[in-house]
Amino acid sequence: MPIEGRIPGNREYWAAESGDEFASELRHAIMRYYRQMDATGRTDVWRRSVRTYYGLDAEGSWRNSSAITYGGEQGELVMLRVNHYRNLIQHMLTMTTSSRPSFSARAMNDDQRSLVQARIAEGLIDYYLDEYNVEDDSVRAVEYALVFGEGWLSLTWDAEKGDQYGVEQVPVIADDGSEVYDEMGEPVMRERIVYSGDISSYVSGPMDVVRDIARRDDDHDWLCQRIMSNRYDLMERYPEHADDIENLESKPADTEAVLFDYVNSYATTTSSDIIPAYYFYHKATDALPKGRFSILVGDILLHDGPMPYSDIPIYPLVPSMQFNTSSGYSGNWDLLALSQAMDSLMTTAMTNHEAFGVQNVLVPYGSDIEVNDLSGGLRMVQFNAAAGEPKPLELLSISSHTYKLMDAITGMMETLSGVNSVARGNPEKNLESGAALALVHSMAIQYNNGLQRAYGRMMEKTVTGLIRMLQAYASTPRLAEVLGANERPNLIEFTGDDIRSVRRIKVDLSSPLLRTAAGRVQLADRLLERQAITAQQYLDVVATGRLSPILDGPRAELSLIKSENERLSDGQPVRATPMDNHRLHIQEHKVILADPGIRFNDELMTEILNHIQEHVEMAQEHPAIMILTGQEPIPGGAPPGPPEGAMPEGAAPGMGEPGEVPGMEGGRALGENPEGPELPQMPKNPLNGERYSPQGGMA
């Protein structure tokens, strides 16, 4: 049974075809994808979702949320849109991306050089996230996922970006794409500036990422990304195809007119400068061992060669995958019908107010009341009592059920989206304490846990791809601004070799409670009460909403302890310092001893216990440092001596220092004064002149 894609005989896997045949096959694959998306109704759902998101009418009419419009056969309907849909999605976006994930670089070795390279890589990640708008693009990818069910972020290496560092000679290309030769038969050359190269990011929705529609998971062998590009930039980069590029149709809908855009029914771009370019990436597989990277414009292959990356550099953000497909599903699509229902109710209420909001007056015939009599205020109006008094004509009567239904629809939208009233800034009256508000807000964040996990996975793949691209292509020295000691910017020069040891990047997301401003302030309040942080750190959290002023230190210490545990488990030496959090080190190091394999290894047990004892001794030797660093001193150290001149506890007057023989003071008998006798002298022996000794008697 032949394997699909490796058909025996002279037929090959379509992605392995060469030249024009591959270009034709790729064009057919692109058209199949768009036709399938249209046939399954996905393009219609995407269009309805994005139009509703931007306040436009889902059905394509002129009604929008930025102005009141009029509809009906004679313009009698007052069309009003209230865009709850965008508001809810924006809250979900903010809850997911308000806190930047923490990145931890993993080196392949644990030597000092590798650890230094890991720290450099972490600094470079922050630099590229800020300076190259990678973080902004990642947030946009989350926004795409909320609206379309999928968001895609590509991160590639652009050889035409970066600083100029040289000039190279390239052949001159004629209009027909061939090289130009001089009269001597030598190719005519021209100078071209060589750049250092740099990364380039691009955000796409599902309409811009073509894939195999038969696949039932997201482990794609190939992806094809549509990027709207300036034709003149492409002509400059690929001069051999300049004429073909210049003559391409500018409408991205092509001849089949099925390449839909997101807002309108069909693509309506009329700019002659912008054309669609398709970037095809095929990873290395059995059928295509070297992979493939191609650029298709129209029916022309601008570039065709092996895959230049270790993996496809287009990273998905799909919170929920639809069963047995490779397509994502957004729970926000369930809000589209409710949005239409809300618009219908608002239109009904506004039309009634427009028609009957200005009050009319019923005046009986013969009442002798003129129109001018009823205009203005503070007037005395006389009328014929027999005819009757004027009465207001009250037609403005809207059932209370209409407004109750509006409230019910709003509540249903909040329930389905998981964004509660607290997250929207309109808490219920029974929620008064900050702790309750923080808890309810964190529940909203927890509901969207799938989106947060997808965001973390995408960021992990993206920054890992970034580091690998810098390792492979950053061959010339380049500058980057990273944070050094005390969070101060530090300008460094680096190449790919300076981060060669880094293998991958791990991303950690904070807890749902700490993603809310109320939760962060609540944590800071408790830490300040326990004097675990300073007043300045507390003010930094309140002012900036960032927890890094109080979390960076503990995180760094925990990271150190984990690395020490790994070294201790491998039998490698570690050392303690007086400034360590000794209690925390001891508690975490003892976790290693729970491993039976280590307990029965006498050599490892000795090393681990010796290191724990080192922390104990340092804590006992430096009680002042323990107190200054907010730790309780560990008992068992040498007790301090009494102050000079003080009487030791438990000693009676005249007893001398502890340990001395009672009745002796500094080796002298009580009452004996070195400067002169104070007591009566013992009698002398008249024969030899020796005084009487109480121990030996008379000599």
Note to self: For a quick check: with amide H placed at 1.01 Å from N, whose amide H comes under 5 Å from Arg503's, ignoring anything fewer than 5 positions away on the same chain?
What the structure shows: Arg106, Ala107, Met108
Note to self: Could you work out what % of the accessible surface of the range 73-200 is carbon and sulfur, using a 1.4 angstrom probe and leaving DNA, RNA and ligands out of the count?
What the structure shows: 46
Next item on the list: Rounded to whole Hz and in sequence order, give me ³J(HN,Hα) for the range 574-583 from the Karplus expression 6.51 cos²θ - 1.76 cosθ + 1.60, θ = phi - 60°, writing x for Gly and Pro.
Entry: 9, 9, 9, 10, x, 7, 5, 7, 5, 4
Next item on the list: Could I have the simple spin-label model distance between Leu584 and Ile300, label points 7 Å from Cα toward Cβ, reported in nm to one decimal?
Entry: 6.1
Notebook entry, point to check: Hey, what do the phi angles of the range 27-39 turn into as Karplus ³J(HN,Hα) couplings, whole Hz, using 6.51/-1.76/1.60 and θ = phi - 60°, x for Gly and Pro?
Noted result: 4, 5, 5, 5, 5, 4, 4, 5, 5, 5, 4, 6, 5
Notebook entry, point to check: For the range 207-248, what value does the Rg/Rh ratio take when both radii are computed over Cα atoms and Rh is the Kirkwood radius, given to two decimals?
Noted result: 1.19
Next item on the list: Report the FRET efficiency, 1/(1 + (r/R0)^6), for Gln382 and Gln359, where r is their Cβ-Cβ distance and R0 is 25 Å, rounded to 0.05.
Entry: 0.75
Checklist line | Using θ = phi - 60° and Karplus 6.51 cos²θ - 1.76 cosθ + 1.60, couplings along the range 316-327 (whole Hz; Gly, Pro as x) | finding: x, 10, 10, x, 9, 8, 6, 4, 6, 9, 9, 10
Check: So what is the relative contact order of the range 49-94, in percent, for Cα pairs below 8 Å that sit 6 or more residues apart?
Finding: 32
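Determine, for each peptide in 88-101, 378-391, the mean count of other beta carbons within 10 angstrom over its residues, then list the peptides with the highest first.
88-101, 378-391
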Notebook entry, point to check: Local charge sum around Leu153 (other residues, Cβ-Cβ under 13 Å, Lys/Arg +1, Asp/Glu -1)?
Noted result: -4
Notebook entry, point to check: Can you work out the base-10 log of I(q)/I(0) for the range 347-406 at q = 0.12, 0.18, 0.24 1/Å, using the Debye formula on its C-alpha atoms alone?
Noted result: -0.45, -0.73, -0.97
Item checked: Net length gained if the chain between Met350 and Asp217 were fully extended (0.36 nm per residue, minus Cα distance) -> 43.1 nm
Item checked: Solvent-accessible area per residue, Å², over the range 267-322 with all protein chains present [probe radius 1.4 Å] -> 41
Checklist line | Rounded if a/c under 1.5, otherwise prolate or oblate - the range 1-154, Cα gyration tensor axes | finding: oblate
Next item on the list: Using R₀ = 22 Å, calculate the FRET efficiency as 1/(1 + (r/R₀)^6) where r is the Cβ-Cβ separation of Asn601 and Arg457; round to 0.05.
Entry: 0.05
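Roll a 1.4 angstrom probe over the protein heavy atoms and tell me the percent of accessible area of the range 309-404 that is carbon or sulfur.
55
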Checklist line | Nitroxide proxy distance, nm - points 7 Å out along Cα→Cβ at Met228 and Lys391 | finding: 6.2
Note to self: Can you tell me the length gained on complete extension of the stretch Arg86 to Ala159, counting 0.36 nm per residue apart and subtracting the Cα distance?
What the structure shows: 22.4 nm
Notebook entry, point to check: Of the peptides 143-152, 214-223, how do they stack up when ordered by the mean number of other Cβ atoms within 10 Å, highest first?
Noted result: 143-152, 214-223
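Calculate the all-directions average of the projected area of the range 259-410's alpha-carbon convex hull, and give it in nm². Working shown, then result.
Details: hull surface 81.8 nm².
So the mean shadow area of the Cα hull is 20.4 nm².
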Next item on the list: Can you bin the range 93-178 into rounded, prolate or oblate? Criterion: square roots of the alpha carbon gyration tensor eigenvalues sorted a ≥ b ≥ c, rounded for a/c under 1.5, prolate for a/b above b/c, oblate for the rest.
Entry: oblate
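The values are calculated or read from the model by the stated rules, or taken from the named source; none is laboratory data. What you see is a predicted model, and the numbers here were worked out from it, not measured in a lab. When we count neighbours, we look across all protein chains shown, and the Cβ atoms used for this are built from the backbone with ideal geometry, even at glycine. Areas reflect the complete protein model, heavy atoms only, side chains present, ligands, DNA and RNA absent. Shrake-Rupley method; radii C 1.70, N 1.55, O 1.52, S 1.80 Å.
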